[in-house]
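Colleague: Before I ask anything, here is the structure I am working with.
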Amino acid sequence: MIVGLTGGIGSGKSTVANVFRELGVPVYDSDAEAKLLMQGNAAVRAAIMDLLGKDSYTDQGLNRAHIAKRVFADKELLQALNAIVHPAVKKHFLQWQKEQRYPYVVQETALIFENGAADRYDKIILVTAPEEVRIQRVMQRDGASREAVLARMEHQWKDGVKIPLSDFVIHNLEVGKTRERVKEINAALLPFH
């Protein structure tokens, strides 16, 4: 069984993913794997350079600042970049999933609904937090300006739209309550297999 773990930027998907890992659940971090593929997969790398120019990579590797600056200001470029990266991540995930021996796996990914990918999952867990809390978390985590965070949030659906489409919702404000909710969801998912 494949469980999608999603939520807006700053909602705390990584925190929730780590609790699942502590419980022994295999978790695939789509963002981290996408970065590794953008860095190390020759075909992905060449396609990104064709799309966004040689400045997309430096001697140290992926030039995230250059890429972010180009794609967040241009929806078509962002879609073109996603059309390169998402199929590579999907293929990598499916290979990874076949190697797992747990009753279910969790794929942590930000844009399940926005990318029309909900039908790929048997169950979907949505992580939420109040917008202002999310903005503060991302500003602290990334050293980003409020405007930059809001610009990134524009690419994501509001929680109110995603909640009715999700099988489970975790309101991630207090770590203790979040842990308990993850344990409840894990217990609910195990009998399905």
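Every number here is computed from the coordinates shown, using simple stated rules; none is lab data. Not measured: the values here are computed from a predicted model. Backbone-built Cβ (ideal geometry, glycine too); neighbour counts: all protein chains shown.
Colleague: Test of understanding: what is the full-extension gain from R101 to A148, defined as 0.36 nm times their sequence separation minus their Cα-Cα distance?
Modeller: 12.9 nm
Colleague: Here's a follow-up. For H66 and H171, what does the FRET efficiency come to when R0 = 30 Å and r is the distance between their Cβ atoms, rounded to the nearest 0.05?
Modeller: Step by step, r from the Cβ atoms, then E = 0.25.
Colleague: Given the options M38, M49, M153, which has the most mean-square fluctuation in a GNM of the chain, springs set between C-alpha atoms less than 10 angstrom apart?
Modeller: M49
Colleague: A further question on this structure: Which one of H66, H155, H92 has the biggest mean-square fluctuation once the chain is modelled by GNM with Cα springs under 10 Å?
Modeller: Result: H66 has the largest fluctuation of those listed.
Colleague: Determine, from the Cβ-Cβ distance of D74 and D119 and an R0 of 41 Å, the FRET efficiency 1/(1 + (r/R0)^6), rounded to the nearest 0.05.
Modeller: Approximately 0.90, to the nearest 0.05.
Colleague: Over segment 10-83, what is the mean sequence separation of C-alpha contacts under 8 Å (at least six apart), divided by residue count, expressed as relative contact order in percent?
Modeller: After rounding, I find 16 percent.
Colleague: Using alpha-carbon pairs under 8 Å, 6+ residues apart, how would you state the relative contact order of segment 114-193 in percent?
Modeller: 39
Colleague: Could you tell me which of G12, A68, A34 has its Cα farthest along the dipole of the chain towards the positive end, charges placed at Cβ (Lys, Arg +1; Asp, Glu -1), taken about the Cα centre?
Modeller: A34
Colleague: Taking every DSSP beta bridge that has both residues in the chain, what percent is antiparallel when rounded to the nearest 5?
Modeller: Expressed as a percentage, antiparallel bridges in the chain total about 10.
Colleague: Let me check against my output: what whole-number percent is the relative contact order of the chain, with C-alpha pairs under 8 Å and at least 6 apart?
Modeller: After rounding, I find 38 percent.
Colleague: Taking amide H positions as placed in the peptide plane 1.01 Å from N, state which residues far from Y57 in sequence (5 or more) or on other chains have amide H under 5 Å from it.
Modeller: For Y57, the qualifying residues are N63.
Colleague: Return the subset of K69/K177; K54/K90; K54/K98; K54/K123 for which the Cα-Cα distance in this structure is over 30 Å, preserving the input order.
Modeller: In this structure, K69/K177; K54/K98; K54/K123 exceed 30 Å between Cα atoms.
Colleague: Hey, another quick one. Using the Karplus curve 6.51 cos²θ - 1.76 cosθ + 1.60 with θ = phi - 60°, what ³J(HN,Hα) values do you get for each residue of segment 55-70, in whole Hz, with x for Gly and Pro?
Modeller: Along segment 55-70, the couplings run 5, 5, 10, 10, 4, 7, x, 4, 9, 4, 4, 4, 5, 4, 4, 6 Hz.
Colleague: How big, in percent, is the set of alpha carbon pairs in segment 35-165 lying more than 26 Å apart?
Modeller: Counting pairs separated by more than 26 Å, the tail of P(r) holds 34 percent.
Colleague: Treating cross-link reach as a plain straight distance, find the lysines whose alpha-carbon is under 18 Å from the alpha-carbon of K158, omitting any fewer than eight places away in the same chain.
Modeller: By straight Cα distance, K158 reaches K13.
Colleague: Hey, another quick one. Rounding to the nearest 10 and keeping the result within 0 to 90°, find how far the Cα-based axis of helix 13-22 lies from the longest principal axis of the chain.
Modeller: Around 50 degrees separate the two axes.
Colleague: Something else now. For K69, K13, which order do you get if you count the other beta carbons within 10 Å of each Cβ and list the fewest first?
Modeller: By the 10 Å Cβ count, ascending: K69, K13.
Colleague: In which sequence would S11, S145 go, from the one with the fewest C-beta neighbours within 10 Å to the one with the most?
Modeller: The fewest-first ordering by Cβ neighbours comes to S145, S11.
Colleague: Between segment 81-100 and segment 108-165, what is the separation of their alpha carbon centroids in Å?
Modeller: If we compute the Cα centre of each part, the gap is 20 Å.
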